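First comes the structure, then the notes that go with it.
The values are calculated or read from the model by the stated rules, or taken from the named source; none is laboratory data. Not measured: the values here are computed from a predicted model. Methodologically, a virtual Cβ is constructed for each residue, glycine included, from the backbone with ideal geometry; neighbour enumeration extends over all protein chains shown. Heavy atoms of the whole protein, side chains included, go into the accessibility calculation; ligands, DNA and RNA do not. Shrake-Rupley method; radii C 1.70, N 1.55, O 1.52, S 1.80 Å.
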Amino acid sequence: AAVWHQRARDVKQELYLSVNVSGYELQQIAYGNAMITMCTDFQYRCQDLRVEVLESEFDLGGAAARGNIEQLRREKIRVMVDDFGSGASNVHRIIELTPDALKLDLSLIADIETNSDRRRFLCSIAAVAERAGIELVAEGIERESQLRILLDEGFQFGQGFLFARPVPAMEVDKLLQY
């Protein structure tokens, strides 16, 4: 990953590495230190790392989790809530933490071409996120028509099979255009 990032920086492109973390891991006292140490050991810039926590596991009741998040943020590691909208979304938890980004669950994107209520709801989420300074990432983009709608509504970030399917690490270079 460090090599890919250096190649991208050489041609002035941004490239980030996202790591999924469980709520259990985030509650571990040494988690923040471990992530920062790993970046140092692998000569990886902390600001190029994203930590994704599933919405369903996003419980910050413990001081350790809050401390880890604060420590990660001090090192410019961004914290993202993954699969937002997939379960019992808890606005209180989002307000309490104000994550750097919300990754909207693919279930919110799946039928936006035909479901005007869903589309209006996404626009509302986008407006609230913009006011709160929270980045949005639309997950599960599979069709050009979905992408066009999301771009028309002001979404700047997305992921899904339309862009690329998962590949082994050895094939990542083929996907990256330097």
### Message
Along the Cα→Cβ direction, 7 angstrom out, place labels at T98 and E14. What is the inter-label distance in nm?
### Response
1.9 nm
### Task
Please list 29-37, 75-83, 164-172 highest first by mean number of surrounding beta-carbon atoms within 10 Å per residue.
75-83, 29-37, 164-172
### Query
Hey, how much of the P(r) for the range 75-144 falls beyond 16 Å, as a percent of Cα pairs?
49 percent
## Note on the structure
Restricting to Cα pairs under 8 Å and 6 or more apart, the percent relative contact order of the chain works out to 17 percent
### Message
Tell me the carbon and sulfur percent of the accessible area for the chain, rounded to whole percent, probe radius 1.4 Å.
### Response
53 percent
### Query
About its Cα centre, what dipole magnitude does the range 40-178 give when the only charges are +1 on Lys and Arg Cβ and -1 on Asp and Glu Cβ, stated in debye to the nearest 20?
300 debye
### Residue-by-residue Karplus 3J(HN,Hα) for the range 68-75, coefficients 6.51, -1.76, 1.60, Hz, glycine and proline x
5, 5, 4, 5, 4, 5, 4, 8
### Task
State in Å² the accessible area per residue of the range 30-178; use a 1.4 Å probe, count heavy atoms of protein chains only, and round to the nearest integer.
57 Å²
### Task
Taking H placed 1.01 Å from N in the peptide plane, check which residues at least 5 places from S18 or on another chain put their amide H under 5 Å from its amide H.
R50
### Query
Given a Förster distance of 41 angstrom, what is the FRET efficiency for F161 paired with K76, based on the Cβ-Cβ distance and rounded to 0.05?
0.85
### Task
Using the charge dipole of the chain (Lys, Arg: +1 at Cβ; Asp, Glu: -1 at Cβ; taken about the Cα centre), state which of Q27, P168, G67 has its Cα farthest towards the positive end.
G67
### Message
Report D for the chain in µm² per second (integer): Stokes-Einstein, Kirkwood Rh on Cα pairs, 20 °C, 1.002 mPa s.
### Response
123 µm²/s
## Note on the structure
Output for the range 8-86 (equivalent-ellipsoid semi-axes, sqrt of 5λ from the C-alpha gyration tensor, Å, descending) is 23, 16, 9
